[in-house]
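Read the structure below first, then the notes.
The values are calculated or read from the model by the stated rules, or taken from the named source; none is laboratory data. Model, not experiment: these values are computed from the prediction. So basically every Cβ, Gly included, is an ideal-geometry build from the backbone, and we count neighbours across all protein chains shown. Quick note on the areas: whole protein, heavy atoms, side chains included, nothing else; ligands and nucleic acids left out. Shrake-Rupley method; radii C 1.70, N 1.55, O 1.52, S 1.80 Å.
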Amino acid sequence: MIGRGLLDEHRPDSVIGLHVASFLPSGHVITRPGLMWAGSDAFDVTFKGPGGHGGMMGRRGNVLAAQAFFVERLHTIVEGLEHDGVQCHTTIGNIASDGAWNIVPRGVLVQGSLRTFNDSLRGQALERLHDLLQETESEFEVKSNVDLVHGTVPIMNEPNVTRTVMDVGRELIGDDANLLGRPLTVSDDFAEFLTRIPGCYFMLGARPEGDTPPAHHSPTFRIDEAALPIGVKVLAGAASRLAAE
């Protein structure tokens, strides 16, 4: 939207958005002035080797052994890197190769993401990522490459707009509108609007009944849709109040 010129033609005074949260009590409104969510770098790491027979190949050139070594140590690239008491985060979401039970492949793809809270922490984590890849190359005599395929900056809420959103929320739902204590290591490209327009992103709790909240991005994801009217009322009420100021 931004890349195709939306903000060149239309320049709003403020922007408000919400994200449903299945892990928060249904109907609650949660936000935070300033830093609320991390930035994200999605990455593709590839390992290349000669490939070979599964009954004869050892460590040398073995891309599957190399990726296992890399994945097991990936957590070290964010150790000690934290903001406001919250450590940066990294994880792997997909590993793919063209091998088989008796074939060590020539290549393997490892896809994951890195979550950091500012440019300094991001730079340190990426430097450590490259160092880890160099160590893996040396240990297994393979070649590696990393591509940053998608990224977004941290969610930074403007304090005045956030205050308006919280005022409206408290008028509508009382103590069920609260401030988030510490930033979270999730991300959203709504952040791109917030780098250009003063605004607020808030979470709308929608946890359904049950002992275990259903996880986002999982096959079991579900929400309590009864929370949705509250989100609409907060969005509309805050927009109306900001327009009147």
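I need the shape label for the stretch 1-128. Rule: rounded when a/c is under 1.5, else prolate if a/b > b/c, else oblate, with a, b, c from the alpha carbon gyration tensor.
prolate
Can you tell me how the stretch 1-56 classifies by the Cα gyration tensor, rounded, prolate or oblate, using a/c under 1.5 as the rounded cut?
Judged from the Cα gyration tensor, the stretch 1-56 comes out oblate (a/c at least 1.5, b/c at or above a/b).
If a paramagnetic tag sat 7 Å from the Cα of residue 73 along the Cα-Cβ line, which residues of the stretch 34-55 would have the backbone N under 18 Å from that point?
45-49, by backbone N distance to the label point.
Hey, what number do you get for the chain at 222 nm if only DSSP H runs of n ≥ 4 count, each worth -39500 (n - 2.57), divided across all residues, to the nearest 500?
Working: 6 runs with 73 residues, N = 245.
It comes out at -9500 deg cm²/dmol, rounded to the nearest 500.
Please give the FRET efficiency for residue 82 paired with residue 172, using the beta carbon to beta carbon distance and R0 = 41 Å, rounded to the nearest 0.05. Spell out each step's value before the answer.
On the way: r = 34 Å, r/R0 = 0.84.
Using R0 = 41 Å, I get an efficiency of 0.75.
Could you tell me which label, among (i) 19.4, 62; (ii) 17.3, 51; (iii) 22.1, 74, carries the value of Rg and Dmax of the Cα atoms in Å calculated for this structure?
(iii)
Nearest 0.05, what FRET efficiency do residue 94 and residue 127 give at R0 = 25 Å with Cβ-Cβ as r?
Taking R0 as 25 Å, the efficiency between residue 94 and residue 127 is 0.55.
From largest accessible area down, sort 182, 128; use a 1.4 Å probe on the protein chains.
182, 128
Solvent-accessible area of residue 89, probe 1.4 Å, all protein chains present, reported in Å² to the nearest ten, please.
Counting only protein heavy atoms, the figure is 80 Å².
Using a/c under 1.5 as the rounded threshold, could you call the stretch 94-189 rounded, prolate or oblate? The axes a ≥ b ≥ c are square roots of the C-alpha gyration tensor eigenvalues, and prolate needs a/b larger than b/c, oblate otherwise.
Numbers: a/c = 4.33, a/b = 2.58, b/c = 1.68.
Prolate is the answer for the stretch 94-189, as a/c is 1.5 or above and a/b outweighs b/c.
Which value, in Å² rounded to 10, gives the accessible area of residue 23 with a 1.4 Å probe and all protein chains present?
100 Å²
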